[in-house]
1. In sequence order, what are the phi-derived ³J(HN,Hα) couplings for region B:125-134 according to the Karplus relation 6.51 cos²θ - 1.76 cosθ + 1.60 with θ = phi - 60°, rounded to whole Hz, with x for glycine and proline?
2. I'm a student and want to see the number: the projected area of the Cα convex hull of region A:87-154, averaged over all directions, in nm².
3. What percentages, rounded to whole numbers, describe P(r) for region B:25-80 computed over all alpha carbon pairs with 5 Å bin width beginning at zero?
4. Can you compute the modelled spin-label distance between A:Thr65 and A:Leu153, with each label point 7 Å from Cα toward Cβ, in nm?
5. Kirkwood hydrodynamic radius of the protein assembly as shown from all distinct Cα pairs, in Å?
6. Among A:Lys380/B:Lys200; B:Lys22/B:Lys200; A:Lys431/A:Lys798, which pairs are too far apart, with a Cα-Cα distance over 23 Å?
7. Measure out, as a whole number of angstrom, how far apart the alpha-carbon centroids of region B:5-21 and region A:550-595 sit.
8. Keeping all protein chains in the complex and leaving out DNA, RNA and ligands, what accessible area do you get for A:Ser19 with a 1.4 Å probe, in Å² to the nearest 10?
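The values are calculated or read from the model by the stated rules, or taken from the named source; none is laboratory data. Note that this is a predicted model, so its numbers are computed, not measured. Every residue, glycine among them, receives a Cβ derived from its backbone with ideal geometry; neighbour counts consider all protein chains shown. The accessibility values were calculated without ligands, DNA or RNA, using every heavy atom of the protein model including side chains. Shrake-Rupley method; radii C 1.70, N 1.55, O 1.52, S 1.80 Å.
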Amino acid sequence: MNQKAVRRGGEGPRFDVASLVLVAMLLAAGFILNMTVGKALSMTGIQPEFVISSYCLAILLLRPTLPHGVLIGVLAATVIQFTTSIPGLEYVCDIPASLLMAAIVRLTGERGPRGLVPFLSTCVTTAVSGLIFATLATVVVLRGEPLAVVAMLPIVIGTALANAIVVQSLYLPLRSAFLQRLPSTGEASGTSRDDSDGVVQGVRAEGGSNESLDVSTATTEAVPDVYPGAAAVELQHVSFTYDGARRRALDDVSLTFGAGSFVGVIGPSGAGKTTLASVVSGAIPHHFAGEFRGAALVGGMDTCEVALTDVSRVVGSVLQDIDAQMVAADVEDEILYGLENFGFERSAIEKRVSYALRTAGIEDLRRREISTLSGGQKQKVAIAAILAISPRVMVLDEPTAALDPASSRMVFETLRELNARGITVIVIEQKVALLSEYCDRVIVLSQGSVALDGSPREVFSHSKDLRDIGVDSPRVTRISNGLAVTGVLDPAEKGFLTVSQARDGLLGLLSSTPVKAASHVAPSASPHRLATPAPAGDPMLSLRDVSFSYGVGKASVDHVCFDVGAGELVAVVGQNGAGKTTLTKLMNGLLKPGDGSVNICGLDTRRARTSEIAQKVSTLFQNPDHQICRQTVLEEVAFSLQLLGVPDDEAFQRAADVVSYFGLDPEAAPFTLSRGQRQIVALASVVVTNPKVMILDEPTSGLDYRECMTVMDSVNAARERGCAVVMVCHDMEVVSDYATRLIVMANGRVLEDGEPSVLFSRAELLGKACIAPPQVSELSQGLADAGFERFRGITEVKDIVDVMKGLVG
Amino acid sequence: MAGLLEYSEGSTLLHRANPISKVAFAVAVCIATFLANEYLTLVLLLALVLLAGVYAGVGKKAVSLLLAFSSLGALMFLVQTVIVRAGTPVFLWVTDRGADTGAHVALRLVTFALPLVLMLTVTRLTDLTNAAVEVLHLPYRYAFTITTALRFVPIFSHEMSRIVEAQTARGVEFDSGNPLRKLGLMMPLAAPLLITSVSKADDTALAAEQRGFYLRTRESSYKRYPMATRDYAIFSLCLVVIVLGAIF
């Protein structure tokens, strides 16, 4: 048993690619803030100069040496240069300023900037920069009268003070976010940099891999076999603990991934799935600091003994954060990047680029800017970029988390295409239905170790164990499991993975066994769904003939008319572009209707201010990071109340109650929590205001099974208190479980408005709206159409099982 | 200044020229503007730049920029006339020396402001940074930092809209006039974006590393930016411009 412990860490931050990227990101953010927030904060022409604040923050966080401090100034000046006019002036201003800032920060010594240091240093730095600018611009450049500089002094001082306030307020939260990045504080990448001197030799020495770089032959199409016969990836008793963590993220995991397999990995959040992906891709141990035991063999190489780039030559990795994993601004450059760096022959590069684009199905996107693409297209670009260097293994960490069902399916189709060409695909996903359809093997992780491992049929037959672990199983598989209990079928053999398998399987059973005449079973409602209270009084939310258009000619929302009463949960479904998001913005007052009226508890949104509307309506957005702005969970939740004018002590009291209800740690910094936990914090901020109307925009995207349940259960609790809920959701299973009413939209119009179980059985309606029905509805519809009327309108797994038992068992 | 410059497509000589020579041209015009004394020289320089813009197909943009800068120039003119009081009064507080200084300043401002912006509209920023690496021997890692910053601008712009929406829906008021309230706006708006940027930094760095960031050398780039005849022609023009500026 290989008990190698590899410990990295201990040194201070170094100025490596991670530092440079941090500077880049802060500068970009500063740039955008200048254009947006700057205008809002401007008072008599004085506003913060956010790019200067950004580089001040960068220097405070990174504490660079003086030369590196100057470098940051140069980089900042270059970014500003792209928007201001006088060439060179920014450099003269910002180089001394950044030098000064770096010097001040260095003077604070080992302990780093504390107390008012951010305020004072930024004030001085901005003032220096501003003064140099004013003087040079007026006197030297324009050759005007020196006294004009005095006229600019108030602006310079005002900006310096504004910047100082900005930096002082933001320094501590940013510092937590910066330190919290579990991964590197630079030293790990220092290791890979040392290794990279060996890489060039490493690649050449391993003759096999060098041949695969020369691609005049047909190897462009097939995957080069560097170590024939070796398993694609093998983990031998791998354990890993992140630096500073108490618990092992992976605990004695031994897995072998055969070449050419398509493996799905599922598990609740915190189970170690991302850690597993990082181990396979080499990010652990090369990028993330911590204690690593055991061995990870990739294509026969031990990942600890080769450089990161050697591993990524064999294993391509796609992350959940679609934007962060790109390196270039347009598609072609993105695909060229790896090819250029890994030393491919120039003559082969063009062929590889076309091959990659063709396989991913995005040839027409070649010259496009990545920022103009949709989420699904971007993921395909990421896949194509990796494909170009012919990896043997592809690891994907929740690639479809932010995508709608159609795009998700598109991504999986591309993965199937890759798998057909011999590439081993390892994909981490929460979407069990897709995994069961595409994967030939499923691994379930729980608390750092492998809980279940086998074919989808084998794994999903353990519905109860999976639920205990916190993982969902596909509805149709639950049906076959339910029938297996009665002995009607053997799930390991004939378990249903897709709706068509279920239909064929059930029809097969029904035709082979004599059918008993059974009494009709009334379809039951979902156990999750509360009974809709009888409508009492006026509707909470009322849309009357509402139309809205973003531009000329194209109506985003067209003559929409419906009411929502207290206690209802209305789900709005439709494909991307149907107008769902626009509708939610009309409902919470972010947009005012062009025609018609939106009425919320008596407030007409056209006349009321958004802050007034916020008293009645709370919105839970898809991405909690768009609203989290406070240092602790308690402050964040209380902030929602403070915005509504609730006095501070009451706000904090109510917030404390809600925070403990959700089991959150009130003193934790929100941005150090996991994605699912942050969504719960956002949910807490919504619930605490006791809204009359709650709007949910994709509330369950990116969450695991238990987190979904937490969110939806508290939504139900709000409904019981009389809240009206409108939910936009792509996940038809959630809709089927919780919605009391369904509104189907397409092209800005409401196609239908009614009972979910009824609407889900109408295939032409769903076709027009381009949405796929929930599995059970599709199945029951199929069975009813085949002549078995008893199944019509059924939406619950339990009912299908009961009817089958009644007919056959 | 408006946001990041939009690249306008084209295949003129100017479009096809090496990005470095285009920037050199802009710098040369600025140096000449700095050195020039006569009105005529300044006007000629301005005309040269506008001509280049029209040739490259961005004439309309050049004119609109010119108008935008002119208003700034007018402001500077006023400020200078207020300050420079020497000489004989011509109109209200304006003296002839004041008007002269003011006019020079205004003209200089406009001529300074235009060339670089115009050159950047006919140059792809990624081409510029790549050419800087190849021709000027800029270390690749710094070019990468610049392109990353520029690449994230549209992404963060999108994020910012979402942040503003989310916070507005919560009740954050943007229209209050109270200065203290205005400052209170800053956290809900600036904090999420900055925190997001810090959080994304590590994933981006990891991706770059995995794709071979540390392996890259000056010769790695597939796209090349050789200097051609047209570039040498532009450099000669630069020299002429500077000399003319120095003399007149």
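1. Residue by residue, region B:125-134 yields 4, 5, 4, 4, 5, 5, 5, 4, 5, 6 Hz.
2. On the way: hull surface 20.1 nm².
In nm², the orientation-averaged hull projection of region A:87-154 is 5.0.
3. 4, 17, 20, 28, 21, 7, 2, 0
4. Here the answer is 4.0 nm between the modelled labels.
5. 31.6 Å
6. The pairs that break the limit, which is 23 Å between Cα atoms, are B:Lys22/B:Lys200.
7. About 43 Å separates the Cα centre of region B:5-21 from the one of region A:550-595.
8. So the heavy atoms of A:Ser19 present about 10 Å² to solvent.
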